[in-house]
1. Please work out which residue is surrounded by the fewest Cβ atoms within 10 Å (Cβ to Cβ), limiting yourself to the range 1-19 and to residues that are part of a helix (DSSP H, G or I) and not small (Gly, Ala, Ser).
2. Kindly establish whether residue 107 is under 23 Å from residue 27 (Cβ atoms) and aliphatic (A, V, I, L, M).
3. For the range 120-138, does any single residue satisfy the condition of being touching an Asp or Glu at 6+ places or on another chain (Cβ under 7 Å), surrounded by 15 or more Cβ atoms within 10 Å (Cβ to Cβ), at pLDDT below 95 and under 21 Å from residue 4 (Cα atoms)?
4. Under the condition of being part of a loop (DSSP other than H, G, I, E, B) and open to solvent by 40 Å² or more (accessible area, probe 1.4 Å), which residue from the range 156-181 is modelled with the lowest pLDDT?
5. Please go through the range 71-127 and pick out each residue that is over 25 Å from residue 23 (Cα atoms) and among the charged types (D, E, K, R).
6. Would you kindly identify the helices (runs of 4 or more DSSP H) lying entirely within the range 57-139 that contain at least 1 residues that are of a type in the set (D, E, K, R) and in contact with a strand residue (DSSP E or B) (Cβ under 6 Å, 6 or more places away or on another chain)?
7. Inside the range 58-100, can you point out the residues that are surrounded by fewer than 18 Cβ atoms within 10 Å (Cβ to Cβ) and under 17 Å from residue 9 (Cα atoms)?
8. Could you tell me which numbered condition residue 104 fails, if it satisfies all but one of (1) at pLDDT 90 or above; (2) open to solvent by 50 Å² or more (accessible area, probe 1.4 Å); (3) under 20 Å from residue 9 (Cα atoms)?
Amino acid sequence: MRGLICDDHPLMREALAGAMRDRWPEVALDEAGDYPSAWALAETARPDFLLVDLSMPGAEPVAGIEGLRTRAPEAAMLVVTGIQDEAVLAAVRACGVAGVYSKNAEAELLMEAIGARVPGLKACEAARLPPRQREVLGLLAEGLTNKEIARRLGISPATVKVHVARLSEWLGAVNRTDAVARAQKARII
């Protein structure tokens, strides 16, 4: 996966990049401090997702976001901003951004939101899934019941139920079928 972090304040840009690298060390990150640099990187680096500050040199917020959307149409775009003008934020949302978040948010909450909005990041996190949960997820994808999974792995059905519940919570799924669908969409299985 590849991400592009765009913010004109070096400290904010480095903080976002650091938090991303701590959580998803496998993700390659590029950084830009203004819209023209961000547009150029969006074209050449082909990011899977973008974290964008609205107030950057080189363009007005909506024009800047539209320029990024044109250059990276498939990328998930998330805005992290201090702007509170509802008219501007509504225009930005209309550009197809995946989410708009306040710069006042706690880092952990922001990382959770990013992970939820960029499905491919879950695939990066899958490498850190405990081996048993990876096994259970694979067997769920085969359509096995809890009893069948328990027999196959030599554990109790109650333990399987706990693993399924944790996987469902981790994937944000409402049931086991949804968990498998979300895992497949995120290319975890």
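The values are calculated or read from the model by the stated rules, or taken from the named source; none is laboratory data. These numbers come from a predicted model, not from an experiment. Note that we place each Cβ from the backbone using ideal geometry, even for glycine, and neighbour counts take in every protein chain shown. With ligands, DNA and RNA removed, areas are computed over all heavy atoms of the protein, side chains included. Shrake-Rupley method; radii C 1.70, N 1.55, O 1.52, S 1.80 Å.
1. My answer is 11.
2. Yes, satisfied.
3. Yes, the range 120-138 contains a residue that is touching an Asp or Glu at 6+ places or on another chain (Cβ under 7 Å), surrounded by 15 or more Cβ atoms within 10 Å (Cβ to Cβ), at pLDDT below 95 and under 21 Å from residue 4 (Cα atoms).
4. Step one: of the range 156-181, the residues part of a loop (DSSP other than H, G, I, E, B) are 156, 172-175.
Filter again for open to solvent by 40 Å² or more (accessible area, probe 1.4 Å), leaving 156, 172, 174-175.
On the way: 156: 94, 172: 78, 174: 89, 175: 91.
Looking at the filtered set, the residue picked out is 172.
5. Matches in the range 71-127: 71, 85, 86, 93.
6. Counting at least 1 such residues, we get 107-117.
7. Passing the criteria: 58, 60, 82, 83.
8. (1)
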